[in-house]
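As structure tokens, the structure follows; a few thoughts come after it.
The values are calculated or read from the model by the stated rules, or taken from the named source; none is laboratory data. The model shown is predicted, which means the values in this text are computed figures rather than measured ones. Methodologically, a virtual Cβ is constructed for each residue, glycine included, from the backbone with ideal geometry; neighbour enumeration extends over all protein chains shown. Heavy atoms of the whole protein, side chains included, go into the accessibility calculation; ligands, DNA and RNA do not. Shrake-Rupley method; radii C 1.70, N 1.55, O 1.52, S 1.80 Å.
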Amino acid sequence: VYFPKLVRFAREYVISTEDAENIVQDIFMYLWEHRDMLDSLTNTNAFLFTLTKNRCIDFYRQKTRIDSQKESLDNLQDRELKLKIEALMQDLLTRAIEHLPEKCRQVFILSRMNGLKHEEIAGQLNISVHTVQNHIVTAIRKLKVELKDYLPLFIFII
């Protein structure tokens with residue numbers, strides 16, 4: 001007699017019929033386990049609806065806590081994945097740079113890794129600024145070719 005009424009009432013709180021039915025079933029299990037207290041109730045109807053309301057509130061508290069924990073875990077997994085991808089990308093880039101011709105690699109590292117200007121590199125290596133530019137263009141072209149299969153990883157991490 002009470003089950004359909006309590007489910008309808010619980011649905012006002014939890015929206016999902018399945019969740020409402022589970023909550024009401026849990027209430028009836030609780031009542032069965034504590035059936036000795038039913039004799040002392042003066043207003044069974046009020047007790048059942050209050051119990052249902054409280055269980056619905058508990059349901060949302062628990063759901064919120066679980067959702068929050070899940071979100072924290074998802075964020076942690078995302079950060080961990082990004083760190084692994086960054087490490088992989090760094091390794092791929094390092095290996096690709098190692099495959100560059102010696103002078104080209106040296107110019108590229110001084111320019112892109114150490115942040116030196118073309119004039120500074122030219123002075124340090126005793127070559128022309130035009131040669132520095134050519135080495136950088138060559139390095140970028142070769143790196144693009146060597147890393148083309150990994151482009152989605154580089155885009156993912158940005």
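Six or more apart or on different chains, Cβ atoms under 7 Å: show the pairs whose first residue is in the range 14-34 and on the phi < 0 side of the Ramachandran plot and free of Cβ contacts under 8 Å to residues at least 60 places away in the same chain and whose second is open to solvent by less than 100 Å² (accessible area, probe 1.4 Å) and among the basic types (Lys, Arg).
Taking only residues 6 or more apart or on different chains, the pairs are Ile23/Arg55; Asp26/Arg55; Ile27/Arg55.
In the range 39-55, what residues are over 16 Å from Ala10 (Cα atoms) and either surrounded by 11 or more Cβ atoms within 10 Å (Cβ to Cβ) or in contact with a His (Cβ under 7 Å, 6 or more places away or on another chain) (or both)?
Leu41, Thr44
If I ask for residues that are in a helix (DSSP H, G or I) and among the β-branched types (Val, Ile, Thr), which ones from the range 1-16 would you list?
The answer is Val7, Val14.
Do we find a residue being outside any helix (DSSP H, G or I) and not charged (D, E, K, R) anywhere in the range 138-158?
yes
From the list Asp67, Asp19, Asp58, Asp36, exactly one residue is among the charged types (D, E, K, R), in a helix (DSSP H, G or I), modelled with pLDDT under 95 and open to solvent by less than 70 Å² (accessible area, probe 1.4 Å). Which is it?
Asp19
Looking at this structure, is Asn114 more than 41 Å from the chain's Cα centre (by Cα) and surrounded by fewer than 16 Cβ atoms within 10 Å (Cβ to Cβ)?
no
Does any residue of the range 81-97 turn out to be at pLDDT 90 or above, outside any helix (DSSP H, G or I) and more than 30 Å from Met29 (Cβ to Cβ)?
no
Could you check how many residues of the range 129-147 are of a type outside the set (Lys, Arg) and under 11 Å from Ile97 (Cα atoms)?
Residues that pass the stated criteria total 5.
Answer yes or no as to whether Glu102 is under 30 Å from Ile127 (Cα atoms), out of contact with any helix residue (DSSP H, G or I) (no Cβ under 6 Å at 6 or more places or on another chain) and open to solvent by 80 Å² or more (accessible area, probe 1.4 Å).
Spelling it out, Glu102 is indeed under 30 Å from Ile127 (Cα atoms), out of contact with any helix residue (DSSP H, G or I) (no Cβ under 6 Å at 6 or more places or on another chain) and open to solvent by 80 Å² or more (accessible area, probe 1.4 Å).
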